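Only the coordinates and a few stated rules stand behind these numbers; no lab work does. The model shown is predicted, which means the values in this text are computed figures rather than measured ones. Neighbour counts are summed over all protein chains in view; Cβ atoms, including those assigned to glycine, are modelled from backbone coordinates with ideal geometry.
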Amino acid sequence: MIRRGMIAGGVVVAVLVVVYAVPRVMDWDRYRGQITALAAARLGRPVTIGGDVGLTILPQPVLTARRISVTDPVTGAVFTAREMRLRVLEALRREGVAWGDPPAAPPAGDER
């Protein structure tokens with residue numbers, strides 16, 4: 001019985017070590033194009049990632065990207081950030097990112 005507990009504990013520790021270490025040593029930069037395309041599609045604006053991309057799983061899944069720029073195609077204004085972090089679970093819970101003009105007010109006299 002004690003032996004089974006020790007084996008189970010060892011397996012749990014091994015899984016936690018793998019979940020912690022593997023994302024830190026993987027080359028996430030090879031997914032930069034896919035992440036950039038997804039961000040541009042969600043924001044409706046051109047996005048550029050000029051730096052490293054990384055992912056950590058523990059204690060909370062976080063996607064990190066460095067040297068980000070988002071361009072407004074209408075005005076040409078560029079928002080830049082040295083680093084952006086996206087908490088993956090929170091992003092999945094939200095319905096989407098709304099950038100741009102707020103919803104138009106209903107016409108005067110419209111009683112919706």
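Assorted remarks:
- Size of region 1-95 as Cα extents on the principal axes (Å, biggest first): 69, 28, 19
- Label-point gap, in nm, between Gln34 and Thr48 - each point 7 angstrom along Cα→Cβ: 2.4
- Karplus (6.51, -1.76, 1.60) ³J(HN,Hα), θ = phi - 60°, over region 32-45, in Hz, Gly and Pro reported as x: 4, x, 5, 5, 4, 5, 5, 5, 5, 5, 5, 8, x, 9
- Figure legend: label point modelled 7 angstrom from the Cα of Arg93 along Cα→Cβ; residues of region 29-66 with amide N under 18 Å from it are 57-63.
- Rounded to the nearest Hz, the phi-derived 3J(HN,Hα) couplings of region 66-81 under the Karplus curve 6.51 cos²θ - 1.76 cosθ + 1.60 (θ = phi - 60°) are 10, 6, 9, 9, 10, 10, 8, x, 7, 8, x, 5, 10, 9, 10, 9, where x marks glycine and proline.
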